[in-house]
1. Does at least one position in the range 279-299 carry a residue that is open to solvent by less than 40 Å² (accessible area, probe 1.4 Å), of a type outside the set (V, I, T) and touching an Asp or Glu at 6+ places or on another chain (Cβ under 8 Å)?
2. Within the set of pairs 6+ apart or on separate chains, which have a first residue in the range 168-183 that is farther than 19 Å from P201 by Cβ, a second that is of a type outside the set (A, V, I, L, M), and C-beta atoms under 7 Å apart?
3. So, S397, is that one out of contact with any strand residue (DSSP E or B) (no Cβ under 7 Å at 6 or more places or on another chain) and of a type in the set (G, A, S) or not?
4. Could you grab me the full set of residues in the range 384-418 that are more than 8 Å from the ligand (Cβ to nearest atom), open to solvent by 20 Å² or more (accessible area, probe 1.4 Å) and of a type in the set (A, V, I, L, M, F, W, C)?
5. Can you report the number of residues in the range 419-438 which are surrounded by fewer than 18 Cβ atoms within 10 Å (Cβ to Cβ) and more than 12 Å from the ligand (Cβ to nearest atom)?
6. Among the residues of the range 300-327 satisfying the criterion of being hydroxyl-bearing (S, T, Y) and touching an Asp or Glu at 6+ places or on another chain (Cβ under 9 Å), which is nearest to L407 (Cα to Cα)?
7. Exactly one condition in (1) among the polar types (S, T, N, Q); (2) within 13 Å of V79 (Cβ to Cβ); (3) buried (at least 16 other Cβ atoms within 10 Å of the Cβ) is not met by Q109; state its number.
8. For N326, which of the numbered conditions (1) farther than 16 Å from V410 by Cβ; (2) within 16 Å of the ligand (Cβ to nearest atom) fails to hold?
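The values are calculated or read from the model by the stated rules, or taken from the named source; none is laboratory data. As the structure is a computational prediction, the values presented were derived from the model and not from experiment. Quick reminder, even Gly has a Cβ in these numbers, built from the backbone with ideal geometry, and neighbours come from all protein chains shown. Only protein heavy atoms, including side chains, enter the accessible area calculation; ligands, DNA and RNA are left aside. Shrake-Rupley method; radii C 1.70, N 1.55, O 1.52, S 1.80 Å.
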Amino acid sequence: MKKKINRQLLFTSSMTVFITFVIVVSVFYQIFQGQVIEDLRTYAHVLADFENIQNSEQIEYDFSVDNVRITIITSEGVVVYDSNADIGKMDNHSERPEVKEALAHGEGQSIRQSSTMNMSTYYYTVLLKDGNVLRVARESHSIWSIIYRALPVIVLTLVALGVVCVVLSHFITKSLVAPIEKMAADMDHITDVNVYEELVPFAETIQQQHDAILKNTNMRQEFTANVSHELKTPLAAISGYSELIENGMASGDDVVRFAAGIHQSANRLLVLINDIIRLSELDVMEQEIPFETISLYDIVRDSVDMLQVRAENRNVILTMEGSPCNILGDRQMIEELIYNLCDNAICYNNVGGSVHVMVETRNGHPILEVKDTGIGIPKKHQERIFERFYRVDKSRSKSTGGTGLGLAIVKHIVAVHEAEMKLESEVGKGTDILITFQRNVETLV
Ligand code: ADP
């Protein structure tokens, strides 16, 4: 991070220095050129007004002393006077741009590169009254020489900038990272750290994840404790009964009674372990189950048929009605869902009570409703009964072979199928659980 900030700072400031340098040099050079030309123009105008200049033979002043060169050229381009050179060796000047310009417009100017790279020669020409052209010229610094002179300052500035950038990026990084380090130091109070506005969503997400992990860990620990506790009772019973038989303390009918106790506890263990395994499987599976089109109506009808014996044993009337409808889902899970709901409706019912199961399409959504006239669930327990091992009445649940896991499995299956579940219950009147599936597959193309 420090390196990146350093690099970006250095790049931005170097670019700024460079662009400023180019702009300043070019503006300055423009002004400088304008000034040199302006001076030459003044010289040319002053000189043109002198009588002597009309007659080149009478010029006596050594103009080279002032670094100003004077040339007089005829309209044919022949050099008749030059303050710095031998006119005999000079070629025809009629093609020089400044001479051409003066002959055409009365005045002219041009700038040409000198023999040395860092100098330029500036020319200014005026057409004299006698038809000759007076040219005033001087050598001055070219743009390269200006750049060359400015270079040490630029290099020094860049070096200074580099140092400033290193120091700055060190402090910027430190102050940028400080809140993040603070957040990492105390994950429990991440959102309490005073962070930048931009980091707030990040901090909130981390906090949520952190809370979720904590909650998950707590739930797992609680689940493990509950599982151990639930396994302990039937195991203790099995151990107790078998010890009595082993020690010869049971005789005749007792042995049969104890064996029945062992059998019942072993069955309970099996049911419990089955439910635990099922829940762990569902925990791992989540969304990866390949769904198929299944007939909700047929599955419910078969399950209800299967549960009739159980209902009769408890003197409960189990009925079903509805119309055929299909869903996208997992057959085994839907069977488990119906079994768990109906089994609860039968078990937590009164003698002579009834359970009514309904399957149909409502507003384009397949629904499954299990309604009983049973004991009902008190309001304060209604939210919690879907938790693992949560029971309203422990002894009643155990006496009916309940594990406290049935509705946790139901909740899981409903979530996997992206369905919705609604519970309505009144103590003494009964319970109504309504599950609404996403859509009726038949209505899809
Ligand atoms: P269990 O194995 O104990 O039935 P569940 O998870 O299936 O466990 O149900 C949790 C608790 O919810 C039950 O112990 C019971 O107290 C209550 N419950 C569930 N279904 C009904 C119902 N139809 N009527 C009354 N109480 C119910």
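1. For the range 279-299, residues open to solvent by less than 40 Å² (accessible area, probe 1.4 Å), of a type outside the set (V, I, T) and touching an Asp or Glu at 6+ places or on another chain (Cβ under 8 Å): absent.
2. S169/K2; S169/N6; H170/K2; T173/K2
3. Taking the combined requirement at face value, the residue satisfies it.
4. Of everything in the range 384-418, just one residue is more than 8 Å from the ligand (Cβ to nearest atom), open to solvent by 20 Å² or more (accessible area, probe 1.4 Å) and of a type in the set (A, V, I, L, M, F, W, C), namely A415.
5. Adding up the residues that qualify gives 5.
6. For the range 300-327, the residue satisfying everything is S303.
7. (2)
8. That leaves (2) as the condition not met.
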